[in-house]
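Step one of this worksheet: look at the structure below.
Nothing in this text is a laboratory measurement; each read-out follows from the coordinates by a stated rule. Remember, it's a predicted structure, so these values are computed and weren't measured experimentally. FYI the Cβ positions are ideal-geometry reconstructions off the backbone, even for glycines, and counts take in every protein chain you see.
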Amino acid sequence: MINKAIVLAAGRGTRMGALTEELPKPMLPIEGRPMLEHIVLRLREAGVDRILIVVGYRRELIEAHFATGFPEVSFVTQEVVEGTASAVRLGRDFISADPFLLTFGDILCGARNYTGIGDSLTRNSASGVLGVKYVDDPWQGAAVYADAEGVVSEMIEKPPRGASATHWNSAGLYAFTPEIFSEIDLAPRSERGEYEITTAIRQLITRGRPVRMFEIDGAWRDVGRPEDLAEAARVLSQSED
């Protein structure tokens, strides 16, 4: 069982508009709790007892909220927000030689998915496992190509609308061995000018390392815009079934 997780929560969440002028997006309330607290509680339910939250924008609000009652939570600050791979790199010492889960502070799903993706990493002796959801067109996220056995052959970040020959979309939940840090160190900036975890994953695939996909079970939500907040409450209810 994997007992460590990194949660990326450094950004402001500009698509939320005025809602994040005072609060970082992961602290927006859903059903009476900050979104990030729902994630931490579900990780705890899945047996994760060490959680590193990568903070940045208004980090003092996140740190104050989790200062009491969350002994499994620690923090590291991403001073310059320049991509997901850079954020994950900050957790190298925290992870050490252990496998770990990676997710974002705006991705909601049931605890069984944290358990399931971790089990998939171990069971398949994989270097990485990507959580995926079936969609009509993965143009808004990252398109994941895999064979019938779930072995990933390609991952394309933000493909043009209508250009993908796959329906699998990255769901913002991953499991890795520490091998990913070597790939992060070698990853160049993307066309968007950021160091992206997608690039590091593609490097693993290119080197022939085993990367697999894991289909998210049950309710899931990427909370990116104000209209997603109402839908997120339904997802939370369904994820507890």
Review point. Gap in Å between the Cα centre of segment 179-222 and the Cα centre of segment 88-123?
Key: 13
Exercise for review: State, to one decimal in nm, how far the label point of F70 lies from the label point of S190, with both points 7 Å from Cα in the Cβ direction.
Suggested key: 2.6
Revision key, fill the gap. For segment 31-89, averaging the sequence separation of alpha carbon pairs under 8 Å that lie six or more residues apart and dividing by its residue count, the contact order in percent is 33
Point to revise | Sequence of W168, W220 once ranked by neighbouring C-beta atoms within 10 Å, starting from the fewest | key: W220, W168
Exercise for review: Could you tell me which of rounded, prolate or oblate describes segment 4-239, using a ≥ b ≥ c as the square roots of the eigenvalues of the alpha-carbon gyration tensor, with rounded for a/c under 1.5 and, failing that, prolate when a/b is larger than b/c and oblate otherwise?
Suggested key: rounded
Check your understanding: Hey, what angle do you get for helix 197-206 against the long axis of the chain, alpha-carbon based, 0 to 90 degrees rounded to 10?
Key -> 20
Practice item. Note down the relative contact order for segment 4-239 as a percent, whole number, built from C-alpha pairs under 8 angstrom at least six residues apart. Key: 23
Practice item. Please give the helix 228-239 orientation as an angle from the longest Cα principal axis of the chain, in degrees from 0 to 90, rounded to the nearest 10. Key: 80
Review point. Taking the chain as a Gaussian network, Cα atoms linked when under 10 Å apart, which of R42, R15, R50 shows the biggest mean-square fluctuation?
Key: R15
Exercise for review: Can you tell me how much longer the chain between E63 and R234 gets when fully stretched, taken as 0.36 nm per residue apart minus their C-alpha distance, in nm with one decimal?
Suggested key: 58.9 nm
**Study point:** Extended-chain gain in nm, criterion 0.36 nm per residue less alpha-carbon gap, T122 and A97
**Key:** 7.6 nm
Check your understanding: About the Cα centre of segment 4-239, what is the dipole size in debye to 20, counting +1 per Lys and Arg Cβ and -1 per Asp and Glu Cβ, all else neutral?
Key -> 80
Revision key, fill the gap. Segment 4-239: antiparallel bridges as % of DSSP beta bridges, rounded to 5, reads 50
Review point. Among 100-112, 199-211, how do they line up from the highest to the lowest mean number of other beta-carbon atoms within 10 Å?
Key: 100-112, 199-211
Study note, to complete from the structure: The residues D185, D137, D93, sorted from fewest to most surrounding Cβ atoms within 10 Å, come out as D93, D185, D137
Study note, to complete from the structure: Rounded to the nearest 10, the angle in degrees between the Cα long axis of helix 35-45 and the longest principal axis of the Cα atoms of the chain comes to 70
Study note, to complete from the structure: Here the tail fraction of P(r) beyond 25 Å, over all Cα-Cα pairs of segment 1-113, rounds in percent to 15
Revision key, fill the gap. When Y114, Y134, Y195 are arranged by how many other beta-carbons sit within 10 Å of their Cβ, fewest first, they go Y134, Y195, Y114
